[in-house]
Structures are given as structure tokens and as C-alpha cells.
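Inspection log for the structure reproduced underneath, given as C-alpha cells.
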Amino acid sequence: MIRFENITKALGGKTVLDRINFEVGAGETFVIVGLSGAGKSVTLKHMIRLMRPDSGSVVVDGGRIDHLGRSELRQVRSKFGVLFQSAALLQWMTVFDNVALPLREHTKMGEQEIARLVGEKLELLNLSDAGDKFPADLSGGMQKRVGLARAIIMNPKIVLYDEPTSGLDPVTSRRIDDLIMDMRKELGITSVVVTHDLHSALSIGSRIMMLHRGKIVENAAPSEFIRSKDPTVQSFLESQYITKKGKWETELSHE
Amino acid sequence: MRYPARSARRVGGKVLQVLHNTGHALFMLLEATAFVRFLFTKRSRAETAMQMYVTGIKSLVVISVVALFTGMILALQTGLELRRYGQEVYIGSAVAVSMIREMGPFMTGLIIAASVGSAIAAQLGTMTVSEEIAALEVMSINPNRFLVMPRLVALAVMMPILTVYTNILGILGGAVVGATQLGVSVQSYMDNATKFATNKDLYVGLFKAVVFGIVIATVACHQGFMTTEGAVGVGKATRRAVILSFLIILVLGYMITRLFYI
């Protein structure tokens, strides 16, 4: 579905991605982990061509996207929904208007139909009472849920999540994780999640890829990921108190 | 690398960056102008009306004060000089011509650049660093249509209207000073004011106002979109937007005057 072929990207003279290759399959929840500055968000931005690679190619549904014209790019982007790290809601619009924005811009639906669809998504994300509120009146978790409602309003095939649980308390973080899993189960959406949070990655991921200094150091199913012999992966696991003998080993071995 | 070569490379890099930024700003302006055809869609109409309100109504108080005192200062300074030759009756024409040709559009441009231009740069800068602009792009909503075009139209339309308002208040301010400080009756002040100011003065002044409006919108939006480095970057973008607008207004003001009067 999404394939990176020998992607290299340098920013400010520093190589952020160094000839990386990987593929995300349909229906997967593909999680990208790594330390700050490892190139996770840069990888995500290449998938929707918010950034272009210095070399290599990004392929989505069989077609390269790094050289597309504006109208073709628009078609490719219509397959994606994106939940940004900061939720990226337009501050002068209400929650309802934020979620309705893509429908108003890209469809000829009447206001009644828009209200019905927005209402459905808000209900799915437990936001039914928040429609008239402005983003500034919402908590961080609610803003992320509104961002997610906007990301899925056009029924995309793929949803990208950039640090969906950063800055949230553990309870809200687990709720967001549940929502990501629901997206896959109920709507069949392919998800790509960028996160620091390994507990979250192990809970939701069907595959976990770790980036370190612009290179892929591991790309495996969660049960294999925690057994990785790579010292960077091991140290990353240990930094979040995840051990082979701990609860993850038991839980993942049942899957 | 030797020092001269390093310096030359640094200067060359800066020049290239300025050219790149200018090209980027002009492309943004052209694209936003091309999107004016969408002005009468429901959403664009509402956004443009809001921007016109922000530009026009919200700046009215400060423009009124500045316009009034500009006219009063012009009348007082010119009047005191003319009085030495017993010609103070001509302050009406001096104030009217100065206001209509130069001071009206210039002062309005500076105030709008400082108040509205800075607000636009800060808003779009904040949207850029909080990924709202990226979100629009991902939703295939062109920021030049959604954000730049309404601001461009609002400023291009409101600037000449505000300039006429500035001119009127400036001339009235001059009349008050003439009547109270220089012994020139309002009647003879107005007679003089209308006698020497021509239609050409008015048209050139209004043309300047439209150009200044376009400059302010373009510079402010472009600086907003170029913002990096979070809150600090927003501050820098806002400062750059105001300074650049001031400089371009000054230079273009001179060039337009030269074009039409020499």
C-alpha cells in the first residue's frame, strides 16, 4: 500500500533518513518508533508529500507520489487522513465546522447531509456534546479526538497518526489507543502511527519499525520486536521498563 | 576555505535566499489573484467580509487619530512658514495636495501594515508552526485560496476606502488649525483646498493605496507561511512583516510619484 524505496532526506545539512526501505500493507497498524530526531515525523510527512525525498521514491497504491502534479497529488491525498501531533484544528472554527471542513470543500453535500455525517463521527468519538465548542475550550485528549474525527470524515483508506498520545495522561492515552484499534477493526483502515510510547506501540501495532539515526534498526511484529537482539532496540525497550520476561512477553505470546 | 571566499559564499547564499523568497511571495500573490474568481462562493464571501471588517472597522479609531493630527501638523508647519510671507491662506491647498497625493495613502499604509499586517503574519505564523497549514494541504485545501485570497481582496479594497477617509479627516484637521491658530477661515481654506487638488492627485493617491494594500497582504501572508521555530519564530515573522511592508511602501511610494509626476 505504501512503499519507501531507498529514501534519503537531509535537513539543514544533517541526514535524517538514510536510504530507508520498508512497506506498509493494507489493513496493517504500522508503528514507527524511535528517539527524538530519529526521522519518524519526517517519514510520515513523505507519505503525504508534505516533504519530498532527496533521492529514492515513495510509492502509494502502486504509483510514485514524489513527482505528481497538483491534481494527481490531490487524488492521492484523498486516500489519507492525518491526525497531527498538535491536532492542528483551525482555532477560529467550532468543532463541528472543523470536522465538516473537508466535506464543505470537496463535496456538493447539503448542510443537512453534512450535519448527519459530522454527527455520526462525533458520536463515534464520544464528542456529541462538543460540536459548538471552539478548540481552545477543549482538553488535549478531546482536541486529538476532534482531529481524528476530521481525519476520518472523508472515509480515507489510510490514517496517519503523528504522536497521537504525546502530552496526554495515561488514561486518555489508552483511550486514543483503543480508538486507533477500533478504526482498524470497525472501518478496516490502514494505520501508520508515529510514537515514542512503546507500551502504546506494542498494544496497537501489527508491526513495529524502529528508526535510529536515519536508519531502520528493526522492523518486526510486536512479539519479535521485544525479542530483538539489536542493542538500540534493547536499550529503547529497557528505557520504558519493557523486558522479555515481563507482561508483554506473556501477552504477546497469546496473539 | 579562505575568509574572502567564505564571505563571498555567505553573501551569495543570502542573495539567493532573498531571490528565492521574493519568487515564492510573487508566486503566492499570482496564485491568490487567480483564485479571486472564487470570491463569490459562500465561504470566501464570508471570510473576505470578515477580513474587510477587521481591516476597516477595527482600524478606524487609530486611523482617525493619526489622520486628524497629520493634517493638523501639516497645516501648522506649512502655515507658520507661509505666514512669514503673508500667504497663510494657501495652507488649504498645501494640506489637501499633500494629503491626497502622498500622506493619505502613506500614513494609512503604515497604520494598516503595523496593525493588520502584523496580525495576519502572527495568525498565519501560528497556524504554520501548529501544523494547521500542513493540515489544510493534506485536506487538499489550497492555503492561497483559503487564507491569502480573502486577505488580499480585503486589503486591496479597504485601503483606498480608508485612504479617502484619512484624506478627509486630514484636511478637516488642517481646517481646524487654520481657523484656530492661523486666522484662516474654513471657507477660504476649503476654497483653496478644492482649487489646487486635481483629479489626477486623487487617482494616483488611490492607486498607491491599492498597491500598498496588495504589498501588505502579500508580505504578511508570506512571512506567516515562512515561519519556523515556534513562538520565537512567530515574533520574528511579525517583526519582519512590518519592517518589510514599511520599506516596500516607502520605495514604491517614491517610484509611483516619480512615474506619474515627472
Q. Going toward the positive end of the dipole of the protein assembly as shown, with +1 on Lys and Arg Cβ and -1 on Asp and Glu Cβ, which of A:Gln112, B:Ala156, B:Ile133 do you reach last?
A. B:Ala156
**Q.** Residues A:Lys40, A:Lys108, A:Lys9 arranged by fewest to most Cβ contacts within 10 Å
**A.** A:Lys108, A:Lys9, A:Lys40
Q) Roughly how many debye, to the nearest 20, is the charge dipole of the protein assembly as shown about its Cα centre, given +1 on each Lys and Arg Cβ, -1 on each Asp and Glu Cβ, and no other charges? A) 1580
Q) Of A:Ile189, A:Ile208, A:Val171, which is farthest on the positive side of the dipole of region A:109-255, counting Cα position, with +1 on Lys and Arg Cβ, -1 on Asp and Glu Cβ, and the Cα centre as origin? A) A:Ile208
Q: Holding the Cα-Cα limit at 31 Å, pick out from A:Lys45/A:Lys133; A:Lys133/B:Lys42; A:Lys157/A:Lys229; A:Lys79/A:Lys215; A:Lys144/B:Lys58 the pairs that are longer than that.
A: A:Lys157/A:Lys229; A:Lys144/B:Lys58
Q: Calculate for chain B the 222 nm mean residue ellipticity that helices alone would give, adding -39,500 (n - 2.57) per DSSP H run of length 4 or more and normalising by residue count, nearest 500 deg cm²/dmol.
A: -27500 deg cm²/dmol
Q. Hey, in the GNM for chain B with a 10 angstrom Cα cutoff, which one of B:Ala193, B:Ala217, B:Ala179 fluctuates hardest?
A. B:Ala179
Q | Rg and Dmax [Cα atoms of chain B; Å; Rg one decimal, Dmax integer] | A | 21.6, 73
Q | Exposure proxy ranking, count of Cβ atoms within 10 Å, fewest first, for A:Arg70, A:Arg52 | A | A:Arg70, A:Arg52
Q | Burial ordering of B:Val36, A:Val193, fewest other beta-carbon atoms within 10 Å first | A | B:Val36, A:Val193
Q. What is the gain in length, in nm to one decimal, between A:Thr8 and A:Asp169 on full extension, counting 0.36 nm per residue of separation less the C-alpha to C-alpha distance?
A. 54.5 nm
Q: Return the long-range amide H neighbours of A:Asn219 (sequence gap of 5 or more, or a different chain), with a cut-off of under 5 Å between placed amide H atoms.
A: A:Met210
Q. Relative contact order, percent, of chain A when contacts are C-alpha pairs under 8 Å separated by at least 6 residues?
A. 25
Q: Give, in nm to one decimal, the length gained when the segment between A:Ala26 and A:Met109 is fully stretched (0.36 nm per residue of separation minus the Cα-Cα distance).
A: 27.0 nm
Q: Report the FRET efficiency, 1/(1 + (r/R0)^6), for A:Asp18 and B:Arg239, where r is their Cβ-Cβ distance and R0 is 41 Å, rounded to 0.05.
A: 0.65
(Q) On a full-extension model of 0.36 nm per residue, what is the gain between B:Lys195 and B:Arg10, subtracting their alpha-carbon distance, rounded to one decimal in nm? (A) 61.0 nm
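Just so you know, all these numbers are worked out from the coordinates, no wet-lab data involved. Keep in mind the model is a prediction, meaning the values are calculated, not measured. Here Cβ is always computed from backbone atoms with ideal geometry, including for glycine, and neighbour counts include all displayed protein chains.
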